[in-house]
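What follows is a short report on a single structure.
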There are 4 protein chains.
Amino acid sequence: MIQGDLKVTAPIRWAMVGGGRGSQIGYSHRCAALRDNSFQLVAGAFDIDPERGREFGESLRVAPERCYPDYQTLFAEEARREDGIQAVSIATPNSTHFAICKAALEAGLHVVCEKPLCFSVDEAEELRALAQERRRIVGVTYGYAGHQLIRQAREMIANGDLGEIRMIHMQFAHGFHSEAVEQANPGTRWRVDPRYAGPSYVLGDLATHPYYIAEMMLPELRIKRLLCSRQSFVASRAPLEDNAYVLMEYEGGAMGHLWTSAVNAGSMHGQKVRVIGSRASVEWWDEHPNQLRYEVQGEPVRILERGMDYLYPQAREDDRIGAGHPEGLFEAWSNLYYRFALAMEAMDRGDTTAVEALGIPDIDAGVEGVRWVENCVRSADAGAVWVDYA
Amino acid sequence: MIQGDLKVTAPIRWAMVGGGRGSQIGYSHRCAALRDNSFQLVAGAFDIDPERGREFGESLRVAPERCYPDYQTLFAEEARREDGIQAVSIATPNSTHFAICKAALEAGLHVVCEKPLCFSVDEAEELRALAQERRRIVGVTYGYAGHQLIRQAREMIANGDLGEIRMIHMQFAHGFHSEAVEQANPGTRWRVDPRYAGPSYVLGDLATHPYYIAEMMLPELRIKRLLCSRQSFVASRAPLEDNAYVLMEYEGGAMGHLWTSAVNAGSMHGQKVRVIGSRASVEWWDEHPNQLRYEVQGEPVRILERGMDYLYPQAREDDRIGAGHPEGLFEAWSNLYYRFALAMEAMDRGDTTAVEALGIPDIDAGVEGVRWVENCVRSADAGAVWVDYA
Amino acid sequence: MIQGDLKVTAPIRWAMVGGGRGSQIGYSHRCAALRDNSFQLVAGAFDIDPERGREFGESLRVAPERCYPDYQTLFAEEARREDGIQAVSIATPNSTHFAICKAALEAGLHVVCEKPLCFSVDEAEELRALAQERRRIVGVTYGYAGHQLIRQAREMIANGDLGEIRMIHMQFAHGFHSEAVEQANPGTRWRVDPRYAGPSYVLGDLATHPYYIAEMMLPELRIKRLLCSRQSFVASRAPLEDNAYVLMEYEGGAMGHLWTSAVNAGSMHGQKVRVIGSRASVEWWDEHPNQLRYEVQGEPVRILERGMDYLYPQAREDDRIGAGHPEGLFEAWSNLYYRFALAMEAMDRGDTTAVEALGIPDIDAGVEGVRWVENCVRSADAGAVWVDYA
Amino acid sequence: MIQGDLKVTAPIRWAMVGGGRGSQIGYSHRCAALRDNSFQLVAGAFDIDPERGREFGESLRVAPERCYPDYQTLFAEEARREDGIQAVSIATPNSTHFAICKAALEAGLHVVCEKPLCFSVDEAEELRALAQERRRIVGVTYGYAGHQLIRQAREMIANGDLGEIRMIHMQFAHGFHSEAVEQANPGTRWRVDPRYAGPSYVLGDLATHPYYIAEMMLPELRIKRLLCSRQSFVASRAPLEDNAYVLMEYEGGAMGHLWTSAVNAGSMHGQKVRVIGSRASVEWWDEHPNQLRYEVQGEPVRILERGMDYLYPQAREDDRIGAGHPEGLFEAWSNLYYRFALAMEAMDRGDTTAVEALGIPDIDAGVEGVRWVENCVRSADAGAVWVDYA
């Protein structure tokens, strides 16, 4: 597909807020954005410490005068340049996403934002209104959404290969925080502090990922009501949960189930999505991402492999290395960023049809993630009872 | 361990009710009971059709005069013989278990009964009282409970290898009834008919298996409240469910989760139990029963293999072929029946301590299975709400 | 299929030589032979210590007067009885197989013998001539040959599902003897002593198993020449090997490859057979015996499961518990013994067509195993050179 | 580790020969070289068609005047510039590697070359002499050599975790060319034409990859003699093989085994290396590259995961995303190129100690690959006989 060929007309002038030295997520954003020449990193406010941020920017060959001390200055100064930035990625702690995202949109920029967009549906809707008014793209980095086999599953479902959909099971359950590791690790500490993390820990930080994957596979699905039970097995994390179960009843009778955990001792990420239809199921697991199980009732299980000709054309579009060789997280992110670039260009020329066809996690996905967490927390805090989805 | 050596003093004179020609479950009972010379099949009421039953019994070398037309005659006639039966196994449709089991106990017989024992806790308690009064064993065939690696997990948990237990996840979810196969298959039809199957389909028929495995692994665990959501994806099965989710809160704060299904399209049995502690997890899966995953947080996952010297002695007791060779369902059943025989002999000599040490699914397990299903149904029928465990 | 129904007209009166107390292999023979009522254990010379053998026989309910001190007495005395034995199984150390087998055939008995039948092709041919002359069955316990999915592979190949066969890869490579464990374990010691084990260790003891599986899958295949390289990584085992590689050129251009080892550190049995055709491959692995990989070039890999309706009828014949539940080694052995019984009955009535249709590892398989080892050793001892298959 | 931080002092000015539009391998080189800012693509002779090459170069933002029609012009013109290239990567058909590589070295350039370097040991030694004389790096892209878990295995072996090494098993066996697909696919056709591919197909094209992985894991190993049997199952490929087996005897008594194939129907790449010691084994498989099996005899198999703290520090150096997320081929290549850059810088300042410490596939690896193929072909063509390694 892409293979280094520039498909966007010209690389998008791009900046980052956050994601400085030592940030793993910042590295992922840069790897993804820069891979296909669809973005060019020209500015940034990389660090809360301006000097460290400037040094870091220079190491990435950003001109020193475009390494800004904060996002306000970044947006203001770049707006004055003829060659100012067109897009910005936000990779800061959760509590700052809303303000930065809002400021970026007000500055007329396209945005790529880490999830969650913000902490409340009200805020999220405010961002959506702003994005629509300014006709800007807001991409949310549900990274695996860019994986070829997720797109394959989406096409299979759309095509009826599974029959009528009955159940959607989602999981993101690792064990890395089985103990209170945050006490020794500041990089983890804010995630369990409601001031910086918002109303949830694993629901927002982990569960929204497979939740979005399911959304992407099944764009028509609507939750009618849900029930969430959450626990803080490491007691010092309360009121934030390190484990949760969510049951969902969808319009039309399908059932959803999600388990998310940071105390699933001994497990790696355990991110899985299984969709069960009246005829067949598909199952994808992020730790072995190059294989997709396709299980037709009464037939042998089939293991679909990334890159093979038997996949749907929409899935093969995203192939980078051909079958046999393994791709990983970075390719999924690269595909996502590449589509973000295509969407930004399309939006710039007013082609919203093209934007929609790209199937990216956009502002609607961002809003929906916040809404889902809000509903989960509401249910959990009322004693793990059913709540109508609002 | 056993390897054909007779450890029970003398084989127990044994009969079957049901399990005649074409019955898969009857075959499993006989394979298990007869393997170690601990039981001897001497009588039976194998079939609702007396002639067919007699023929079948003869093919098994049961004397024709001890092939009876029904269980009443069986119990009555055998009671008159000096060499009459000492134990009976019941492999008939669910709706008949209570009456036959009661009659057998009243006839002074030890019983091995298919689950569920009966349809209500009241009935189950009546059987328990009777068994206690008559000092008879009632074994329930939760077959995999006899598997060596289940016992290994039990010992690991008891020994603290997992740390404090936080979560128990159970699953038995196959896809064989994704369509209404019962319409063409009488052997399946009664399972979805409340008159013969009782108040549930997959909860009683499937879920009680992993539920008991968890009970065996964690004998101290007590449910505080539970919530069950059940569905009939094949609509003609209503009110009986073909899919269900159960959330459980245990005394002490641990959480339980169970998924059971007959419409998990494309899956084989999918019977799994995962126990998660503060330090490590274990996971067992019936389709690859010779391996047990042991996952210590921060260490490489370990794959424990059946038959190896590194297992606990209590697990190795049940080994039949040594490591490397695969054992399957039949060995688990054989181990179970062998322990039933030891329990019957111990009970006959009044040694209840020995009975308890055997760790078998007994009348208490039978009662608990019925109780759990009853609670699940109560929750589900009230709209999938939390109910205090009663 | 079988499920306890007696298909042989009457159980065959059967004895064992060897396989006494503590013998794992003896236990396997009894479990297999007795399971389907096709054999009845009525006599034996179970132990080199007559008293211990008699005690053991009695524990199995063999009449004390039919527990003999040695095989000579067993054959002589039983020949005098009207209800004397019809068949005998031989589970003694390798060096004794030839003499016992010969005596049994001369006594007019059907034989089931552990592999290897003997140590030289000359001896093997002598047994074959004798068996043919007396019209007796000699079954060799290549146990997994009775596994349903091996038969499935055989039918797939016969049916052309794989296209033209190009390669056959065989493996039986465990790690249990990575150190000189035989120094502390008399049960293992004879296996590495040429006086008792014959001219090879792992070639004869392990490799002949997957070699026979391949023979069963591909009955038409003929070796043209082979090359064997063998090693004694534990030096004290020389001249017997604990590791070997064999390359085979077949008539018609197909290639064979076999690896066998007792020093494959950390591995369980590692018994695998992969057959590669111009269109597709199949692969079977004894540690997960309920799954067969079917890999059609250009299509998703399919995992075939034991017991499913999509298998060939010839495979489903051997099913005992239905799909979903795991079967293991014992079921494979039971299927084998059941077919041995059918073959013995058919031979008794002179129906050699029926015998051949059963597809059992018979005297020809026994001879071929000895021949193959002899060729391997000849090649290895000449410096791992190619030898024409003789 | 790297995470976008520039560790090389300044990016190396870099060009490509070949790897133009539609080239998958060219894309891999660019992804790898450009990821860490250690190389900057400033020139190229990307295509045999100069116009197409220039267009392609421009799409990659290479100045049009530095997109040259052929490698001779590239080297000559760049030599005249003050800011001329310092390094070049060669991604052209095999038959051209020698001439281009030689010209590049003569032009004083560092080189990264696709394997095989050339077709004969004589040529390879000529390149080695030239590289040594000019003190230039020649890197060979055995891509997976950059994978973190390969380095982990190397450290484990060096550290004695496996005990004394007994066997090395290598495999690269896919099924994509089970039919004569080259007849319809020019991109594949040259691989089976001796004029362009050299004396072998799968031995050179596939087998040298796992062969180098083993070399990297076990740098001290020396082959004493080897035997190679090769086949052309698709007859039109003769004399080039599409399947081969190689047996190797190493100095000191260890044994090597390698299987390579393009007709392993239904398999993906099947690239595996298993190293077996007296105490334990390790096994790595490129299709699930984030897991390394570590099998200590008598202990449960351990699954080591990429990115975990329990790995050796030398392995963790190469981590890019942390444990749990999957990495793939591109990360391995990126690590390799990053080390190439470090090696080039070190060589420029004359620090050969630093070069050696990097553990890269260098000119010696390139020569050894050619030598190994030459020995294999010599053996095969003499009738699959043992040849002393020369």
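Dipole magnitude for segment C:185-226: about 180 debye, using +1 per Lys or Arg Cβ and -1 per Asp or Glu Cβ, origin at the Cα centre. Which whole-angstrom value gives the distance between the alpha carbon centres of segment B:307-364 and segment C:284-322? Cα centres, segment B:307-364 to segment C:284-322: 31 Å.
Averaged over peptide B:176-184, the number of partner chain Cβ atoms lying within 10 Å of each residue's Cβ comes to 3. Build a GNM of chain B with springs between Cα atoms under 10 Å apart, and of B:Glu241, B:Glu368, B:Glu82 the one that fluctuates most is B:Glu82.
Distances from B:Ile25 to itself in the other copies, using label points 7 Å out along the Cα-Cβ axis, amount to 4.0, 5.3, 6.3 nm in increasing order. Proximity of backbone amide H atoms, modeled 1.01 Å from N, is registered between A:Gln171 and A:Trp259, A:Lys272 at under 5 Å, excluding neighbours fewer than 5 places apart on the same chain. Per-residue mean of foreign Cβ neighbours for A:228-238 is 2 (Cβ atoms of other chains, 10 Å radius).
Summarised as an ellipsoid, segment B:350-390 has semi-axes of 32, 8, 7 Å, derived from the eigenvalues of the Cα gyration tensor scaled by 5 and square-rooted, with the largest first.
Placing a label point 7 Å from the Cα of D:Asp309 along the Cα-to-Cβ direction, the residues of segment A:19-54 whose backbone N falls under 18 Å of that point are A:24. Here the simple spin-label model places points 7 Å from the Cα toward Cβ, and for A:Thr352 and C:Ala10 these points are separated by 9.0 nm. Its DSSP H runs of at least 4 residues, each contributing -39,500 (n - 2.57), put the calculated 222 nm mean residue ellipticity of chain C at -10000 deg cm²/dmol, to the nearest 500. Note that segment D:279-288 has calculated 3J(HN,Hα) couplings of 10, 7, 10, 10, 9, 10, 9, 5, 7, 10 Hz, one per residue in order, obtained from phi through the Karplus relation 6.51 cos²θ - 1.76 cosθ + 1.60 (θ = phi - 60°); glycine and proline are x. The convex hull defined by the C-alpha atoms of the protein assembly as shown has an orientation-averaged projected area of 54.3 nm². Farthest towards the positive end of the charge dipole of segment A:230-278, among the residues A:Ala235, A:Leu247, A:Met268, is the Cα of A:Met268, using unit charges on the Cβ of Lys, Arg, Asp and Glu. Label-point distances for C:Glu58 to the equivalent site in the other copies, using a point 7 angstrom along Cα→C-beta, read 3.6, 9.6, 10.2 nm when ranked shortest first. Label-point distances for C:Leu221 to the equivalent site in the other copies, using a point 7 angstrom along Cα→C-beta, read 2.7, 4.6, 4.7 nm when ranked shortest first.
With neighbour counts taken as other beta-carbon atoms within 10 Å, the residues A:Tyr294, C:Tyr245, D:Tyr310 rank, fewest first, as D:Tyr310, A:Tyr294, C:Tyr245. Highest GNM mean-square fluctuation among B:Tyr196, B:Tyr71, B:Tyr144, for chain B modelled with Cα contacts below 10 Å: B:Tyr196.
Residues whose amide H lies under 5 Å from that of B:Ala45, counting only those 5 or more places away or on a different chain, are B:Met16, B:Val17, B:Gly18, B:Tyr68; hydrogens are built 1.01 Å from N in the peptide plane. How big is the gap, in Å, between the Cα center of segment B:161-184 and the Cα center of segment D:218-257? Each part's Cα centre sits 48 Å from the other's. Just so you know, the Cα atoms of segment D:95-193 work out to an Rg and Dmax of 18.3, 50 Å. For chain A, a Gaussian network of Cα nodes joined below 10 Å ranks A:Ala365, A:Ala129, A:Ala343 by mean-square fluctuation, and the top entry is A:Ala129. Across segment B:269-390, the fraction of Cα-Cα pairs farther apart than 26 Å, rounded to a whole number, is 43%.
The mean number of partner chain beta-carbon atoms within 10 angstrom of a residue's beta-carbon across peptide C:18-24 is 2. Size descriptors for segment C:115-272 (Cα atoms only): Rg and Dmax, in that order, 16.9, 50 Å. Scanning chain C for the Cβ atom closest to the axis that brings C onto B yields residue and whole-Å distance C:Gly328, 2. Remark on A:Val296: its backbone amide H falls under 5 Å from those of A:Ser281, A:Arg302, a criterion applied only to residues 5 or more positions apart or on other chains, H modelled at 1.01 Å from N. When the distances between all Cα atoms of segment C:18-80 are binned every 5 Å from zero, what whole-number percent does each bin get? Values per bin, smallest distances first: 4, 20, 27, 28, 16, 4, 0.
From most to least packed by mean Cβ count within 10 Å, the peptides A:317-330, C:205-218, C:151-164 give C:205-218, A:317-330, C:151-164. Put simply, segment A:225-284 fits an ellipsoid with semi-axes of 27, 17, 5 Å; these come from the alpha carbon gyration tensor as the roots of five times its eigenvalues, largest first. Ellipsoid semi-axes for segment D:1-125, based on the Cα gyration tensor and the rule √(5λ), read 21, 18, 15 Å when sorted largest first.
Looking at chain D from every direction and averaging, what is the projected area of its Cα convex hull in nm²?
Working: hull surface 75.8 nm².
One quarter of the hull surface, i.e. the mean projection, equals 18.9 nm².
Basic side chains Lys and Arg get +1 at the Cβ, acidic Asp and Glu get -1 at the Cβ, and with that the dipole of the protein assembly as shown about its Cα centre reaches some 0 debye. DSSP bridge analysis restricted to the protein assembly as shown gives an antiparallel fraction near 60%, rounded to the nearest 5. Calculated over segment C:166-229, the projected area of the Cα convex hull averaged across directions stands at 5.7 nm².
In which sequence would C:Trp190, A:Trp372, D:Trp386 go, from the one with the fewest C-beta neighbours within 10 Å to the one with the most? It would help to have the intermediate numbers written out before the result.
Values: C:Trp190 15, A:Trp372 26, D:Trp386 20.
The most exposed by this proxy come first: C:Trp190, D:Trp386, A:Trp372.
Only the coordinates and a few stated rules stand behind these numbers; no lab work does. Quantities reported herein were computed from a predicted structural model and do not represent experimental measurements. Every residue, glycine among them, receives a Cβ derived from its backbone with ideal geometry; neighbour counts consider all protein chains shown.
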